[in-house]
Amino acid sequence: DSALGEWAHERLASLSGTPGEPATFDRLDDLMREQHYRLASWRVSGEETNYRRFFDVNDLAAIRAEHQPVFDDTHRLVREFIESGLVDGLRVDHVDGLYNPAQYLRQLREMTTTSPAGTLPIWVEKILGHGETLPDWPIDGTTGYEFLAATGGLQTNTASERAFTEIYDEFTARESYFDEISFVARQRIAGRSFSGEVSVLAMQLHRLAQRDRRNQDNTLRSLHDAIAALLANFPVYRTYLDDDEPREGDRKLLTAAAAGALERAPDVTPESMAFLISVLLLEDANHPEERSRRIHFRRRFQQVSGPVMAKGVEDTTFFRYNRLLALNEVGAHPDHFGLASEDAHTQFAAWGRDWPGSMLASSTHDTKRSEDARARLHVLSEIPDAWRRAVRSFQRGNRRWKPLLSGRPVPGPNTEYYLYQTLVATWGGKLDGDYRERVREHMRKAMRESKTHTSWAAVNAEYEDGVLEFANRVLSPRRSTRFIERMDRLVERIGGPAAINSLAAVTLKCTAPGMPDIYNGTELPFFALTDPDNRRPVDFAAAEASLAAIEAAGASVPVPSRPEAKQWLTVKLLALRRERHAVFADGSNYRPIAATGARDSHLFAFAREAGDKTVVVVIPRLTHGLADELGSFVSGAFGETEVPLPTGGEWRNILTGEVHAGPEIRADALLGRFPVAILVRANGQP
């Protein structure tokens with residue numbers, strides 16, 4: 001209606017002000033003040049937002065999934081998909097953000113029973129702290145970050161921890177302790193990004209204190225500081241305290257976290273921390289109304305602890321503490337340098353027994369570096385002396401390329417150390433414009449996530465430009481010939497062992513207890529960074545062409561370092577899982593196998609058994625010095641080391657077709673043609 005349109009435009013024009021004449025904006029301001037919201041700069045959201053968000057993203061407001069009408073409305077489409085048979089399973093991301101995860105998952109489990117195929121599996125995205133176990137929820141397992149951490153731990157040389165700490169401290173000219181850096185980072189996140197959430201908790205806690213004559217002198221500020229300090233020192237993402245009294249383990253966790261927080265934050269009063277812990281533990285809650293108030297408070301506290309941990313550790317500390325970036329991964333723990341074979345066996349057996357349906361992840365949309373990028377960095381843990389020499393030469397040679405900012409060269413040594421590891425992880429055949437731009441974009445993200453000299457909220461463009469200019473100069477084929485040659489040699493030296501690491505990880509993912517999760521694009525070697533690479537389209541055409549070449553090659557075994565080797569192995573292993581489903585469906589049938597001989601620590605082996613069917617898996621670890629640049633083992637690499645099998649008779653390696661006689665097989669014979677082995681009984685023997 002043209003007349004209506006003209007009238008609307010007139011009304012809008014009457015509200016519009018004239019720039020430079022503040023009084024002309026009064027009518028618009030009056031209208032805005034009548035609304036149920038306030039227009040504000042996004043920069044104040046950390047302090048003044050009064051609704052729950054997805055982490056600290058203002059555009060993603062949380063909903064009350066614990067409220068039955070909300071649950072029903074928001075899950076109506078999911079229910080329709082389930083009842084129509086369109087869904088094979090459900091993955092619940094960010095389960096720690098729920099008010100009551102157990103209740104939510106019970107409702108979801110009940111919903112999955114309406115599927116024509118029967119009850120569907122449910123997986124939760126849950127990051128476990130060191131030594132933490134999954135709560136007893138009605139689910140099939142996690143999305144697999146603990147598997148990712150265990151695999152990386154196996155490929156890290158624990159004996160090099162001291163050397164790598166010294167190299168890092170020497171390069172950065174400081175002593176770095178992960179726990180301290182993490183505490184400071186989380187304290188900053190709680191005090192800034194989640195200041196509003198912490199303030200809401202503090203007001204709730206202050207009201208509870210005013211109802212208790214023994215605690216009414218705890219001020220709002222003192223309680224706010226106690227909450228922030230406890231969040232910053234929490235050892236896990238969150239606790240799962242329900243309406244019941246806390247378990248002894250929860251009591252110990254909270255009291256230990258409080259004691260550590262008081263040590264690290266001396267300004268926090270012991271009285272305010274003691275009251276906070278007493279509320280979380282439901283102490284002195286003698287009346288039903290008081291108990292209900294305290295339960296509500298601790299559920300809200302639990303909802304905040306997860307985001308503070310995620311943003312403070314994954315998205316801050318992981319970019320500040322750079323000792324070995326392969327360990328700075330979702331689900332991993334950078335202060336735990338490697339994992340012994342015995343401990344890995346214990347973990348796999350426990351998960352197979354307790355959560356046989358868990359997913360096994362190696363790369364996801366959230367991993368900081370793809371599995372192949374990490375595979376290279378893990379090799380560095382085997383050559384600390386060579387890495388020390390390399391970074392020293394990089395530092396000396398590139399000093400001249402650093403721009404000056406306020407009289408000081410940039411980047412600082414910590415950022416420079418991060419850059420060199422990033423280059424090792426992603427270095428390719430050519431330094432074209434696309435690669436240099438990827439590095440620049442990732443370094444921009446890394447600087448802002450670190451929040452040391454710049455951040456997303458307060459961009460220091462001058463500092464960022466200086467660091468990116470340094471990266472440009474370092475990656476210039478015309479300027480940095482010697483540096484590029486040195487990096488080429490280093491990456492070439494670790495290339496073979498890194499390819500073996502990648503193949504070993506694929507083998508574990510497809511044969512350990514659980515369900516392999518293969519992230520699109522990682523079937524072939526993929527040396528990716530979280531940003532910008534996790535937003536790049538998958539090259540399906542390349543994957544299809546590679547698969548066609550594999551099929552055309554027939555029974556030939558690829559060279560381990562060739563790009564198609566990873567996809568070839570994946571195809572073989574998935575076919576094995578399909579053919580021997582019963583073997584891999586039973587998670588409790590995991591049996592560790594201990595190699596014998598001088599090089600036994602370089603092998604990791606286990607069996608999966610079901611009835612008369614047995615599959616034996618043998619993968620190498622820590623292979624630098626044992627393998628050549630193509631990923632093949634040198635003659636006599638394992639010496640007299642042998643792998644004992646469950647029984648004698650003949651065993652066939654499904655990857656190479658070779659038949660070996662048990663009950664012991666020499667490692668050199670087993671891994672001579674391909675660096676991993678999958679054995680089944682030959683000729684249909686039981």
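The values are calculated or read from the model by the stated rules, or taken from the named source; none is laboratory data. This structure is a prediction, so every number in the text was calculated from the model and none was measured. No Cβ is skipped: glycine too gets one built from the backbone with ideal geometry, and neighbour counts run over all protein chains shown. Please note that ligands, DNA and RNA were not included when accessible areas were found on the heavy atoms of the full protein model with its side chains. Shrake-Rupley method; radii C 1.70, N 1.55, O 1.52, S 1.80 Å.
In vacuo Debye scattering of the chain, one point per C-alpha: log10 I(q)/I(0) at q = 0.07, 0.10, 0.11, 0.12 Å⁻¹? Cα-only, vacuum Debye calculation for the chain: -0.56, -1.08, -1.25, -1.39. For G631, nonlocal amide neighbours, meaning residues 5 or more places apart or on other chains whose placed amide H falls under 5 Å from its own, are G496.
A simple packing score, the average count of other Cβ atoms within 10 Å per residue, orders the peptides 212-221, 14-23, 64-73 as 212-221, 64-73, 14-23, with the highest score first. What part of the accessible area of the range 397-461, given as a whole %, is carbon or sulfur when the probe is 1.4 angstrom? Roughly 52 percent of what the probe reaches on the range 397-461 is carbon or sulfur. Put a dot 7 Å past the Cα of V659, heading toward its Cβ, do the same for T255, and the two dots end up 6.5 nm apart. Quick one: net charge around S556, please, counting Lys, Arg +1 and Asp, Glu -1 for every other residue with C-beta under 13 Å from its C-beta. Neighbour charge sum, excluding S556 itself: +1. Modelled label positions at E441 and T113, each set 7 Å beyond Cα in the direction of Cβ, lie 4.7 nm from each other. Among the protein heavy atoms of the range 60-128, carbon and sulfur supply 54% of the accessible surface, probe 1.4 Å, non-protein parts ignored.
With all protein chains in place and a 1.4 Å probe, the accessible surface of the range 539-626 carries 54 percent carbon and sulfur. Express in whole angstrom the spacing between the alpha-carbon centres of the range 467-526 and the range 110-189. About 21 Å separates the Cα centre of the range 467-526 from the one of the range 110-189. Against the main long axis of the alpha-carbon atoms of the chain, helix 270-280 sits at an angle near 70°. In the range 580-623, with Lys and Arg counted as +1 and Asp and Glu as -1 at Cβ, which of these residues, H581, L622, A605, has the Cα nearest the positive end of the dipole, that is, farthest along it? Ranked along the dipole, the leading option is L622. Projecting the Cα atoms of M447, A512, N472 onto the dipole axis of the range 434-530, where Lys and Arg carry +1 and Asp and Glu carry -1 at the beta carbon, places N472 farthest toward the positive end. The H on the amide N of L405, modeled in the peptide plane, is under 5 Å from the matching H of V410, each at least 5 residues off or on a different chain. Close amide H pairs (under 5 Å, H built 1.01 Å from N) link F604 with I619, R621, residues at least 5 positions away or on another chain.
One chain, two ends: A159 and Q68. Fully extended at 0.36 nm per residue, the span grows by 27.4 nm beyond their Cα-Cα distance.
Based on C-alpha pairs under 8 angstrom that are at least 6 apart in sequence, the chain has a relative contact order of 12 percent. Over the residues of the chain, the helix contribution to mean residue ellipticity at 222 nm works out to -15000 deg cm²/dmol, using -39500 (n - 2.57) for each DSSP H run of at least 4.
Cross-link list K252/K509; K311/K509; K368/K613; K402/K430; K509/K613; K445/K572: which exceed 31 angstrom alpha carbon to alpha carbon? Too far apart for the 31 Å limit: K252/K509; K368/K613; K445/K572. For the range 57-156, the Kirkwood estimate of hydrodynamic radius, built from reciprocal distances between every pair of different alpha carbons, is 15.1 Å. Rolling a 1.4 Å probe across the protein heavy atoms gives the chain an accessible surface of 46 Å² per residue.
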